[in-house]
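Please read the structure below before turning to the comments.
Coordinate-derived values only; no laboratory data. Just so it is clear, the structure is predicted and the values come from calculations on it, not from any experiment. With ideal geometry, Cβ positions are generated from the backbone for all residues, glycine too; neighbour counts draw on all protein chains shown.
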Amino acid sequence: MCQHSSPCPTADSADREAAHLVAHHPEQGWSLLCNGVLLFEDTGELLPDGQIIDPHRPLGIEHVMTAA
């Protein structure tokens, strides 16, 4: 799918999010990468084969518990 001179990571590789943007729709909360991955603003993903990757954004400081 990728036509770049240095090919982008495939949809099944661990670094798939490093692929180039093909379409970006922040008003709808999603982007399409050249490897066919739909990347959502909540960091969830939909792979070309239909596999769903749950959101994996890091927790903010307000969600981190510390020992007293």
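Provide the net charge surrounding Asp42, with neighbours chosen by a C-beta distance below 11 Å and charges set as Lys +1, Arg +1, Asp -1, Glu -1. In short, -2. In order along the stretch 5-18, phi translates into HN-Hα couplings of 5, 10, x, 6, x, 6, 5, 9, 8, 5, 9, 4, 6, 7 Hz, rounded to whole numbers, per the Karplus curve 6.51 cos²θ - 1.76 cosθ + 1.60 with θ = phi - 60° and x for Gly and Pro.
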